[in-house]
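Novice: Let me give you the structure first, and then I'll get to my questions.
The values are calculated or read from the model by the stated rules, or taken from the named source; none is laboratory data. The shown structure was predicted, so the numbers you read here are calculated from the model rather than taken from an experiment. Neighbour counts run over all protein chains shown; Cβ positions are idealised from the backbone, glycine included. Calculation scope for accessible area: heavy atoms of the full protein, side chains included, ligands and nucleic acids excluded. Shrake-Rupley method; radii C 1.70, N 1.55, O 1.52, S 1.80 Å.
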Amino acid sequence: MDKTKRMNRIFGKDGKTIIVALDGFGFSAYTEGVDFSVKNVKNLLKYGLNCALVTYGQAQMFAKDLIDVPIVLRVDGSADVFDNNVPDTAQFFDVTDALKLGADGVVCMTFPGGDKGREEFSHKMLSSLAKQGREWNVPVLAETLPCSYPVIDAYPNSGNPEYIKTAARLGAEYGADIIKTRFTGNIETDKKIVKNTIKPTVALGGPKTDNKTYFEYVYNLMQAGVKGIACGRNITQDPNPVGKVAALSALIHDDASVEKALEIYSSVKA
């Protein structure tokens with residue numbers, strides 16, 4: 001399969017996407033809702049979901065549940081899973097592992113500005129995956145996180161739009177086909193990140209908050225030219241995940257208003 005076909009499985013016909021991030025077990029001990037979501041992810045496709053980020057173990061253990069679901073394999077993970085700040089990461093898999101599992105792409109994190117050699121390690125990992133991806137026609141998604149995994153006081157620039165913009169562009173420069181990164185929710189600021197990156201950009205899922213606030217955030221992302229979202233707990237821990245995906249699909253694929261998204265969330269239930 002060529003890379004274009006795989007990209008078209010990750011993104012919809014409109015070039016936009018809703019990705020559910022089910023790879024939490026690789027980074028945290030707090031994984032409420034993930035197993036339920038993996039077992040039911042096929043059902044979410046009916047409501048507008050495009051793709052799922054999964055771990056190597058999930059791709060094996062839940063192979064039947066993931067049949068017909070476009071998946072992107074997480075190739076890196078935490079080196080200290082009990083520290084929720086993810087102080088260090090390592091690479092465990094690569095493009096050939098993804099192909100053996102039938103995945104449509106791979107994803108890894110990079111940490112521009114990170115300490116303890118994280119920037120060098122993560123960019124070398126990305127560039128290696130990009131070379132493999134070119135050889136095997138497999139899309140590579142880079143999750144570019146300035147300085148650290150979370151936005152925390154210890155790294156005051158981890159949420160700085162200028163750092164986010166530079167980090168995203170570095171991901172593209174090292175060969176990523178898709179960039180997943182932080183956004184601010186401010187339309188004009190986020191437009192600059194999108195423009196600087198050039199490659200298709202997908203937003204991290206954002207904070208766990210009430211639906212109105214979250215839908216406003218997603219709406220603003222779409223106005224800024226972001227191509228979609230990759231979110232975990234905003235779907236996996238939602239009491240009505242099908243309604244959440246249907247509402248997000250309206251915002252992302254149908255250019256719906258926040259009010260329409262709220263209406264859909266309330267009316268669509270499994």
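Novice: When the residues of the range 99-122 are filtered to those that are among the aliphatic types (A, V, I, L, M) and in contact with a strand residue (DSSP E or B) (Cβ under 8 Å, 6 or more places away or on another chain), which remaining residue is most open to solvent (accessible area, probe 1.4 Å)? Give the steps one after another, and end with the answer.
Specialist: Taking the range 99-122 first, the residues among the aliphatic types (A, V, I, L, M) are 99, 101, 103, 106-107, 109.
Keeping just the survivors that are in contact with a strand residue (DSSP E or B) (Cβ under 8 Å, 6 or more places away or on another chain) gives 101, 103, 106-107, 109.
Values: Leu101: 46, Ala103: 6, Val106: 1, Val107: 0, Met109: 1 Å².
Here the residue is Leu101.
Novice: Continuing with this model, one more query. Scanning for something buried (at least 22 other Cβ atoms within 10 Å of the Cβ), more than 20 Å from the chain's Cα centre (by Cα) and modelled with pLDDT of 95 or more, does the range 256-263 turn up at least one residue? Give the derivation first.
Specialist: Here is the first cut: in the range 256-263, the ones buried (at least 22 other Cβ atoms within 10 Å of the Cβ) are 261.
With more than 20 Å from the chain's Cα centre (by Cα) added as a condition, the list becomes 261.
Next, from what is left, pick out any that are modelled with pLDDT of 95 or more: 261.
The answer is yes; a qualifying residue exists.
Novice: Does the range 182-190 contain at least one residue that is surrounded by fewer than 21 Cβ atoms within 10 Å (Cβ to Cβ) and in contact with a Pro (Cβ under 7 Å, 6 or more places away or on another chain)? Break it down into steps so the answer makes sense when it comes.
Specialist: Step one: of the range 182-190, the residues surrounded by fewer than 21 Cβ atoms within 10 Å (Cβ to Cβ) are 184-189.
Next cut, in contact with a Pro (Cβ under 7 Å, 6 or more places away or on another chain) only: 184, 189.
Looking for residues that are surrounded by fewer than 21 Cβ atoms within 10 Å (Cβ to Cβ) and in contact with a Pro (Cβ under 7 Å, 6 or more places away or on another chain), one finds at least one in the range 182-190, hence yes.
Novice: Looking at the structure I just gave you, is Leu170 in contact with a strand residue (DSSP E or B) (Cβ under 8 Å, 6 or more places away or on another chain), open to solvent by 30 Å² or more (accessible area, probe 1.4 Å), in contact (Cβ under 8 Å) with a residue 24 or more places away in the chain and within 26 Å of Val258 (Cβ to Cβ)?
Specialist: Working: in contact with a strand residue (DSSP E or B) (Cβ under 8 Å, 6 or more places away or on another chain): yes; open to solvent by 30 Å² or more (accessible area, probe 1.4 Å): yes; in contact (Cβ under 8 Å) with a residue 24 or more places away in the chain: yes; within 26 Å of Val258 (Cβ to Cβ): no.
No, not satisfied.
Novice: Collect the residues in the range 68-98 that are open to solvent by 50 Å² or more (accessible area, probe 1.4 Å) and within 22 Å of Ala176 (Cα to Cα), keeping them in residue-number order.
Specialist: The answer is Asp88, Gln91, Phe92, Phe93.
Novice: A follow-up question, please. How many residues does the range 143-167 hold that are of a type in the set (D, E, K, R), open to solvent by 60 Å² or more (accessible area, probe 1.4 Å) and more than 18 Å from Pro207 (Cα to Cα)?
Specialist: Looking only at the range 143-167, we keep the residues that are of a type in the set (D, E, K, R), and these are 143, 153, 162, 165.
Remaining after also requiring open to solvent by 60 Å² or more (accessible area, probe 1.4 Å): 153, 162.
Now narrow it down to the ones that are more than 18 Å from Pro207 (Cα to Cα): 162.
Selection size over the range 143-167: 1.
Novice: Also, quick follow-up: Assess whether Asp255 counts as being in contact with a Leu (Cβ under 9 Å, 6 or more places away or on another chain) and either in a helix (DSSP H, G or I) or touching a residue at least 24 places away in the same chain (Cβ under 8 Å) (or both).
Specialist: Numbers: in contact with a Leu (Cβ under 9 Å, 6 or more places away or on another chain): no; either in a helix (DSSP H, G or I) or touching a residue at least 24 places away in the same chain (Cβ under 8 Å) (or both): yes.
Here the answer is no, as Asp255 does not meet what is asked.
Novice: So Val151 clears everything in (1) at pLDDT below 95; (2) over 19 Å from the mean Cα position of the chain (by Cα); (3) within 26 Å of Gln237 (Cα to Cα) except one condition, right? Which one?
Specialist: For Val151, the exception is condition (2).
Novice: What are the residue pairs meeting all of these: first residue in the range 194-213, first residue under 19 Å from Ser257 (Cα atoms), second residue open to solvent by less than 60 Å² (accessible area, probe 1.4 Å) and in a loop (DSSP other than H, G, I, E, B), Cβ atoms under 6 Å, and 6 or more apart or on different chains?
Specialist: Correct list of pairs: Ala203/Phe183; Ala203/Val226; Gly205/Gly232.
Novice: Name the residue that is most open to solvent (accessible area, probe 1.4 Å), counting only residues in the range 224-242 that are in contact (Cβ under 8 Å) with a residue 40 or more places away in the chain and assigned to a helix (DSSP H, G or I).
Specialist: Of everything passing the filter in the range 224-242, Arg233 is most open to solvent (accessible area, probe 1.4 Å).
Novice: Next up: Residues in the range 4-37 that are farther than 24 Å from Met222 by Cα, touching a Gly at 6+ places or on another chain (Cβ under 8 Å), assigned to a loop (DSSP other than H, G, I, E, B) and among the hydrophobic types (A, V, I, L, M, F, W, C): how many?
Specialist: 1
Novice: If Tyr214 passes every condition in (1) over 30 Å from Asn160 (Cβ atoms); (2) in contact with a Gly (Cβ under 7 Å, 6 or more places away or on another chain) but one, which one does it miss?
Specialist: Against the list (1) over 30 Å from Asn160 (Cβ atoms); (2) in contact with a Gly (Cβ under 7 Å, 6 or more places away or on another chain), Tyr214 comes up short only on (1).
Novice: Can I ask one more? Restricting the range 1-57 to residues that are of a type in the set (S, T, N, Q) and in contact with a Ser or Thr (Cβ under 9 Å, 6 or more places away or on another chain), which is farthest from Ile67 (Cα to Cα)? Let's see the steps before the verdict.
Specialist: Within the range 1-57, the first condition is being of a type in the set (S, T, N, Q), and the residues that meet it are 4, 8, 17, 28, 31, 37, 40, 43, 50, 55.
So of that shortlist, the ones also in contact with a Ser or Thr (Cβ under 9 Å, 6 or more places away or on another chain) come out as 28, 31, 37, 50.
Working: Ser28: 26, Thr31: 22, Ser37: 14, Asn50: 13 Å.
Of everything passing the filter in the range 1-57, Ser28 is farthest from Ile67 (Cα to Cα).
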